[in-house]
1. Looking at residue 36 and the list (1) within 19 Å of residue 106 (Cα to Cα); (2) surrounded by fewer than 19 Cβ atoms within 10 Å (Cβ to Cβ); (3) modelled with pLDDT of 95 or more, which single condition is not satisfied?
2. Within region 225-269, count every residue that is touching a residue at least 24 places away in the same chain (Cβ under 8 Å), touching a strand residue (DSSP E or B) at 6+ places or on another chain (Cβ under 9 Å) and within 18 Å of residue 63 (Cβ to Cβ).
3. Going by the conditions given, is residue 255 at pLDDT 90 or above and in a loop (DSSP other than H, G, I, E, B)?
4. Is there a residue being in a loop (DSSP other than H, G, I, E, B), farther than 22 Å from residue 15 by Cα, modelled with pLDDT of 80 or more and not assigned by TED's automatic domain parsing to the domain that holds residue 267 anywhere in region 90-109?
5. For region 194-227, give me each residue that is surrounded by 18 or more Cβ atoms within 10 Å (Cβ to Cβ), closer than 17 Å to residue 258 by Cα and touching a helix residue (DSSP H, G or I) at 6+ places or on another chain (Cβ under 8 Å).
6. Only one of (1) surrounded by 16 or more Cβ atoms within 10 Å (Cβ to Cβ); (2) at pLDDT 85 or above is not met by residue 155, so which one is it?
7. What's the total number of residues in region 171-193 that are in contact (Cβ under 8 Å) with a residue 60 or more places away in the chain and assigned to a loop (DSSP other than H, G, I, E, B)?
8. Does region 13-22 contain any residue that is closer than 25 Å to residue 270 by Cα and either modelled with pLDDT under 90 or surrounded by fewer than 20 Cβ atoms within 10 Å (Cβ to Cβ) (or both)?
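The values are calculated or read from the model by the stated rules, or taken from the named source; none is laboratory data. All of these numbers come straight from a predicted model, not from anything done at the bench. When we count neighbours, we look across all protein chains shown, and the Cβ atoms used for this are built from the backbone with ideal geometry, even at glycine.
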């Protein structure tokens with residue numbers, strides 16, 4: 001590392017960024033070169049500024065901290081030293097400690113912050129920086145389409161995650177004395193209705209007594225994505241993504257059905273629809 005550690009702060013919460021910025025001002029070897037309020041901004045800043053250190057929030061709308069690492073790795077850009085910032089507790093501690101990756105819990109403790117900065121400052125040898133990068137790349141390779149909390153839980157439990165997981169081609173739906181096998185790729189969209197799921201295909205609507213979380217785990221995230229808390233869509237069935245003057249987004253399916261996209265999923269859906 002250089003004497004001045006060029007630093008990027010990434011957090012979608014303005015107060016969290018401000019608080020960390022104030023604390024970092026007490027360290028003469030820290031030079032905050034930029035702040036980012038989203039995963040997309042973070043990727044752009046890392047690629048253009050190439051900071052030595054990034055304080056990276058994990059849970060952000062759109063691209064999470066994990067998504068940021070995946071994008072940087074995919075682009076082949078230099079990977080900075082990363083200190084994760086998380087509101088999660090025991091799962092984050094276990095997941096990161098077993099990989100010797102540094103983390104800070106919100107609200108950021110001054111003593112822990114000082115320890116993290118000292119660790120970065122001591123990481124001067126290229127081989128040590130390479131070790132850190134390899135650990136980050138291992139974390140990226142273990143990611144799946146699950147949400148941040150699920151990733152941390154499974155990492156902490158030592159469960160192997162794979163982006164090449166196999167997913168069922170059919171789903172069994174019981175209705176009275178009948179069991180119907182529905183092809184997964186025939187599903188256009190799914191809507192939660194209390195303790196039930198409404199599974200929509202081009203010709204029928206099936207009722208499934210499952211939770212959204214359980215069903216989502218059986219669907220390939222490369223094909224199915226949640227657009228708000230109670231709806232999942234088949235990306236192959238999306239024909240348009242439309243913005244409204246009030247800032248809301250809607251998707252239009254090939255069958256003409258229009259569905260609202262919530263703010264927390266907007267950036268991710270835009271990325272997938274645009275194909276980048």
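1. Going through the list (1) within 19 Å of residue 106 (Cα to Cα); (2) surrounded by fewer than 19 Cβ atoms within 10 Å (Cβ to Cβ); (3) modelled with pLDDT of 95 or more, residue 36 breaks only (2).
2. 14
3. yes
4. Within region 90-109, none of the residues are in a loop (DSSP other than H, G, I, E, B), farther than 22 Å from residue 15 by Cα, modelled with pLDDT of 80 or more and not assigned by TED's automatic domain parsing to the domain that holds residue 267.
5. 224, 225, 226, 227
6. With (1) surrounded by 16 or more Cβ atoms within 10 Å (Cβ to Cβ); (2) at pLDDT 85 or above applied to residue 155, the lone miss is (2).
7. Total meeting the criteria: 1.
8. yes
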